[in-house]
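In what follows, a single structure is set out as structure tokens and then discussed.
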Amino acid sequence: MFTTRSGERFRIIRNGRVAAVVTQRARPLTPSAANLRRYDRTMRELAARFPAILPARFGTTVPEDELLFILSSRRASLARGLATVRGRVQMTVRVMTTAAEVPPATDPFGSPSSGRDYLTGKARAAAAARVVPVFEPIRGAVARWIRDERVDRRGGVASIYHLIPRSSVENYRRTLNTAADAAGVRLVVSGPWPPYAFSAD
Amino acid sequence: MTDVAPRPRVQPAGRSRPSDADLVLDANDASLLDIVDNVLSKGVVLSGDLTIALAQVDLVYARLSLLLCAADRVLPNENADLVARHHDRRVRRARAVAGRRARR
């Protein structure tokens, strides 16, 4: 049992080398701005306390029996995820994109002649969706720190999530902004965050 | 690691009327935007449907909020092995049930 700075009490439920950090609630949290900010503050405090965490999505509640089963059945994948994020943090970069910068996606359903062709087409479409041409020269400048990357495109905004060493945050941020200035690219970088984008299987 | 996410660095717009880029990238609540993006659309998903948790307030099992972290480097003196205790309880319960059946 331990108590965070905000007064929340948590306990540890272990399964081998993986553990769940849990708290009990009478009812689920509502996703208000205040609760979301509080949740993020709690995650930051836990990320500072433990060398590796995989944050759960806000509002995740499970019965204890189910939790034990999950820890047991997913222990290997959770352990791999924890090893990936240990000592690392998430940086988030948001870049405006235009229709001209979106590479033409291969239609994964366009008359595949075989199952392999179908899956290959889907893989190509997924890879194309991760390309942000305007960001490519900037990524090259910070590639040395990137352990993993996720890309999310919604409308005209590309959100790029980088998993980098905790000790490299300032160098990463300085190099990224310098490269963006040089390339004339408008972007916003935030972080460091707990590794939210790298927690799902 | 800082406790508060640093304010986003904003490039000067150089225009009198805010563009879509200005509205997205210069949002005063960019920090909340990041938090919403992180905690609501990212993270480990352990139950497929949150409405299950909302619809069934089970008072026997206390509902738990959850996140995960590595245990091997955490609390070296922690000895609350709930898995082992849970297993022992199930074994005792199974024996009790078997005993009752045998007496019938």
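The values are calculated or read from the model by the stated rules, or taken from the named source; none is laboratory data. Treat the numbers as computed from the prediction; the structure is a model and nothing was measured. Positions of Cβ are generated from backbone atoms using ideal geometry, with glycine treated the same way; all protein chains shown enter the neighbour counts.
Every condition in (1) closer than 22 Å to B:S41 by Cα; (2) crowded, with 19+ Cβ neighbours inside 10 Å; (3) within 7 Å of another protein chain (Cβ to nearest Cβ) is met by A:T42 except one, and the failing one is (3). On inspection, A:D152 qualifies as assigned to a strand (DSSP E or B) and either at pLDDT below 90 or under 20 Å from A:G87 (Cβ atoms) (or both).
Within region A:168-201, the residues that satisfy the criterion of being more than 7 Å from every other protein chain (Cβ to nearest Cβ), assigned to a helix (DSSP H, G or I), surrounded by fewer than 21 Cβ atoms within 10 Å (Cβ to Cβ) and over 18 Å from the mean Cα position of the chain (by Cα) are A:E170, A:N171, A:R174, A:T175, A:T178, A:A179, A:D181, A:A182, A:A183. Does any residue of region A:104-115 turn out to be buried (at least 17 other Cβ atoms within 10 Å of the Cβ), modelled with pLDDT under 95 and not in a loop (DSSP other than H, G, I, E, B)? The answer is no; no qualifying residue exists. Being more than 9 Å from every other protein chain (Cβ to nearest Cβ) and small (G, A, S) is the filter; apply it to region A:4-38 and report the residue that is farthest from the chain's Cα centre (by Cα). Looking at residues that are more than 9 Å from every other protein chain (Cβ to nearest Cβ) and small (G, A, S), I get A:G7.
Close Cβ contacts (under 7 Å, 6 or more residues apart or on different chains) running from residues in region A:62-74 that are within 7 Å of another protein chain (Cβ to nearest Cβ) to residues that are surrounded by fewer than 17 Cβ atoms within 10 Å (Cβ to Cβ) and part of a helix (DSSP H, G or I) comprise A:L68/B:V83; A:L68/B:H86.
Residue pairs whose Cβ atoms lie under 6 Å apart, separated by 6 or more positions or on different chains, with the first residue in region A:128-147 and under 19 Å from A:R174 (Cβ atoms) and assigned by TED's automatic domain parsing to the domain that holds A:T97 and the second charged (D, E, K, R) and surrounded by 15 or more Cβ atoms within 10 Å (Cβ to Cβ), are A:R147/A:R88.
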